[in-house]
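The values are calculated or read from the model by the stated rules, or taken from the named source; none is laboratory data. Every value quoted in this text rests on a predicted model; they were computed, and no experiment measured them. Using ideal geometry, Cβ is built from the backbone for each residue, glycine included, and neighbour counts are taken over all protein chains shown. Note: accessible area is taken over every heavy atom of the protein model, side chains too, but ligands, DNA and RNA are not part of it. Shrake-Rupley method; radii C 1.70, N 1.55, O 1.52, S 1.80 Å.
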Amino acid sequence: MVLIIKRLCAFTLALALAVLNCGSAFADNDPDISAEKAILIHEDGEILFNKKADKRSLIASTTKIMTAIIAIENCELSEVVDIKGEYCGLEGSSMYLKEGEKYTVEELLKGLMLVSGNDAAMALACHTAKSEKEFVKLMNKKASELGMTDTHYENPHGLDAKRHYSSASDLAKLMAYCMKNETFAKITAMGSTQIGEQTFINHNKLLKLCKGCIGGKTGFTEAAGRCLVSCCERNGTRLICVTLKAPDDWNDHIKLYNRAFELYSKRNISENISFTVPVISGDAETAFVLPKEYMAFLPLSGKISYKAEMPSFVFAPIQAGDRAGKLKLYCDDKLIGETELYYRDSIMPAL
């Protein structure tokens, strides 16, 4: 649909038009999931599904997502870590470190993320910050920087502690951030790895069960229940899902991803839109104005409107590619983005 605008206004030219419906796609079609708390977001932060996602909760070993990113951002992968007795023998999952052994930071990260080693978490924490206490300070500082307002860490492994908690919303925010880190993304996507004589199999079964799953972290304690954070990418669109206290977490994530990719689509919403403005003293009477490409992950139902803001007329000369204004995009009257408008052609003064 091409829109041609030729009327003069005092300062700007504004246009609003309905193109498609864009409501809350999940509103009337909420999947039946087992999770007590859950969230599904686009990697840019748009919330697609929310079930008590801001409620604080125990998070078990999903804690190790933060442990991993702190170690990655503060250490070289090749650094050698001397394993001390205090790192070994913690309750829960383990990569079975032994006092006196030596591992690289990279090897410990693999043991941390694939088999959820509590011993690996302690080794990384003490190597990175010299003590568990100092490492936890780094964890909480990072949480604050990322706007994780419902999160507080007490340890690097996720064993239950009174002041150790987060929310589905905060964990999704953290995972979206971490997946932008090449090292983190590479490790969390591994199905298995060999370290010395040991083979470690990733606990995240979604890597095989869910089409497009490219990473995640499991967690479980009796008090926290089953916790799962995952990332799924299909057709160039990346989503993040978090479930807490979810007896059927694998299927919860699969249902949410499948539903989202069924109801939403990534498209260039500025395609086939153009405007014209009168040109004063030019070798052409009008100038074509086009929006720069704007890609968005939008529901297939709801109401979208556009508003173009640009001069009511322009004096020659103008150059192709010069900025002409901006195009704002609204979904159900809520601003969801904007893109620049530019002149398509050069127009010189009339002779």
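Table for the structure above
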| read-out | value |
| --- | --- |
| Pairs with Cβ under 6 Å, 6+ apart, first in the stretch 188-205 and open to solvent by 40 Å² or more (accessible area, probe 1.4 Å), second among the β-branched types (Val, Ile, Thr) | Ala189/Ile214; Ser192/Ile201; His203/Thr218 |
| Tally, over the stretch 201-254, of residues that are in a strand (DSSP E or B) and basic (Lys, Arg) | 4 |
| Filter result (part of a helix (DSSP H, G or I) and aliphatic (A, V, I, L, M)) within the stretch 256-279 | Leu256, Ala260, Leu263 |
| Residues of the stretch 281-327 satisfying the condition of being surrounded by 15 or more Cβ atoms within 10 Å (Cβ to Cβ), over 24 Å from Leu239 (Cα atoms) and either without any contact (Cβ under 8 Å) to a residue 40 or more places away in the chain or β-branched (Val, Ile, Thr) (or both) | Thr286, Val289, Val314, Ala316, Ile318, Lys326 |
| Residues satisfying the stated conditions in the stretch 144-187, i.e. surrounded by 15 or more Cβ atoms within 10 Å (Cβ to Cβ) and out of contact with any Leu (no Cβ under 9 Å at 6 or more places or on another chain) | Asp150, His152, Tyr153, Glu154, Asn155, Ser169, Met175, Ala176, Cys178, Met179, Asn181 |
| Selected residue (criterion: surrounded by the most Cβ atoms within 10 Å (Cβ to Cβ)) from residues of the stretch 227-240 that are more than 14 Å from Cys178 (Cβ to Cβ) and in contact (Cβ under 8 Å) with a residue 24 or more places away in the chain | Cys227 |
| Criterion violated by Ala296 - all others in (1) of a type in the set (Gly, Ala, Ser); (2) closer than 21 Å to Ala185 by Cα; (3) touching a Gly at 6+ places or on another chain (Cβ under 9 Å) satisfied | (2) |
